[in-house]
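See below for the structure under consideration.
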Amino acid sequence: MADIVKDATLYRIKQIELAEAKYYKTLIATLDRIEREVISLANRLPTQDGKLIELQSAIAIRPRIKFILEKEYLAWSDTVVREGFNKQAKRIEKAFKLIGNIPPEFQELTKGDLALVQNLKQQYFTQFKDVSNTFTRRLSEKVYQNTLVGSDFAVLEKELRQTINGIYASADDPEAQRLIDYINENKFDKSKRAIVDKSIQTLQSKFARDRAGENMKRYAGQILNDSLRDFDATLNFNKSNDAGLTYVKYYGDVIPTTRDHCRNIINGVYDKRKSGLFTIDEVKSLWANRSWKGKKSGNPLVVRGGYNCRHQWSYVNPDWYDSKGELII
């Protein structure tokens, strides 16, 4: 018998992955435009013998950097929050209808659900906006500091590009640019993961690019990942709570980078029942009594394994399973 709970959950996870890949591509294009526009703006700064010379101009550039980031990045963020969240809310509704076996009034999005969706949109858009404000300040500081010490413009240009795009900043070297383009294009293609990783290593070693960096792309990409998944988990949690479902199962792939905490839950290491079900209190206890890299604060039913976690909980009734843990609804 098909496991409709598993199928419905994997459907939600798959659609999140597709949405993330879609919005990540548009994020790349957005950050590349920001990089070009900020460099074009910085090119207008006064120089003498290639060195930056005028602090007043360096100070005056900040509102123009702010305008560029708001025009490009916040417009992209608004699309993610409005379009991405609405579509995922509909997918959650579809999953509840597919599973059935709960009162019909809980299978559809209620007024309370829609109010929650609106609140979550505002909450996550604020997080995206914080990134815009943070990098407006950091880019402006780069301009001011380099002008203060009379740096060559080439030094400032490199710092600005890397503050925006990190390892993926535009490159004059054709080979480096080909690697950057390949990585950006195939980041979410599981069949090309090994080649992507090798390309990243080449960028780091051959072209001396540091992957770990405080750049806008890294932060925006992480918020994109976490906002889509945390939104799904929060709405799913609240709908399930309203429906009186107090047991959960954990779903998602186990890959080489899967955290041990997630791996152990999926592989049954912590199971008390053959069905692999946990009560909400048991999940909270598992989460509270263990530490791991990437763990983040919050409701463990929402934050799951932590930053960039790609797993999801599904809420169930233990009566749906037989003594062997097989779904019988």
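The values are calculated or read from the model by the stated rules, or taken from the named source; none is laboratory data. The shown structure was predicted, so the numbers you read here are calculated from the model rather than taken from an experiment. Cβ sites come from the backbone with ideal geometry, for glycine too, and all protein chains shown count toward neighbours. These accessible areas exclude ligands, DNA and RNA; they are computed on the full protein's heavy atoms, side chains included. Shrake-Rupley method; radii C 1.70, N 1.55, O 1.52, S 1.80 Å.
Per-residue accessible area (protein heavy atoms, 1.4 Å probe) orders W292, W320 as W292, W320, starting from the largest.
Accessible surface of the chain, 1.4 Å probe: 50 percent of it comes from carbon and sulfur atoms. The distance separating the Cα centre of region 1-78 from that of region 250-321 comes to 32 Å.
Backbone phi angles across region 295-303, fed through the Karplus curve with coefficients 6.51, -1.76 and 1.60 (θ = phi - 60°), yield HN-Hα couplings of 5, 10, 6, x, 6, x, 6, 9, 7 Hz in residue order; Gly and Pro are listed as x. Placing dummy labels 7 Å off each Cα toward the beta-carbon, the span from E105 to E326 is 3.6 nm. Between E185 and D3, the FRET efficiency estimated from the beta carbon spacing at R0 = 45 angstrom works out to 0.85. Net length available on complete extension from K192 to K293 is 33.8 nm, with 0.36 nm assigned per residue and the Cα-Cα distance removed. Residues in region 56-65 carry Karplus couplings, in order, of 4, 5, 5, 6, 5, 6, 4, x, 6, 5 Hz; the curve used is 6.51 cos²θ - 1.76 cosθ + 1.60 with θ = phi - 60°, and Gly or Pro positions show x. Taking label points 7 Å from Cα along the Cα-to-Cβ direction, V269 and I255 give a separation of 2.0 nm.
Peptides 45-55, 2-12, 155-165, ordered by how many other C-beta atoms sit within 10 Å of their residues on average, highest first, read 155-165, 2-12, 45-55. Backbone geometry of region 249-255 corresponds, through the Karplus equation with coefficients 6.51, -1.76 and 1.60 at θ = phi - 60°, to 3J(HN,Hα) couplings of 10, 9, 10, x, 6, 10, 10 Hz, x marking Gly and Pro. Taken over region 215-298, the alpha-carbon convex hull comes to 121 cubic angstrom per residue. Over every Cα atom in region 1-147, the radius of gyration and the widest Cα-Cα span, Dmax, amount to 22.2, 76 Å. At full extension, S40 and K284 could sit 82.8 nm farther apart than now, given 0.36 nm per residue minus the alpha carbon distance. Remark: for residue pairs K14/K296; K14/K87; K274/K324; K22/K187; K66/K217; K6/K97, the C-alpha separation exceeds 18 Å in K14/K296. The residues of the chain expose on average 50 square angstrom of accessible surface per residue, using a 1.4 Å probe on protein heavy atoms.
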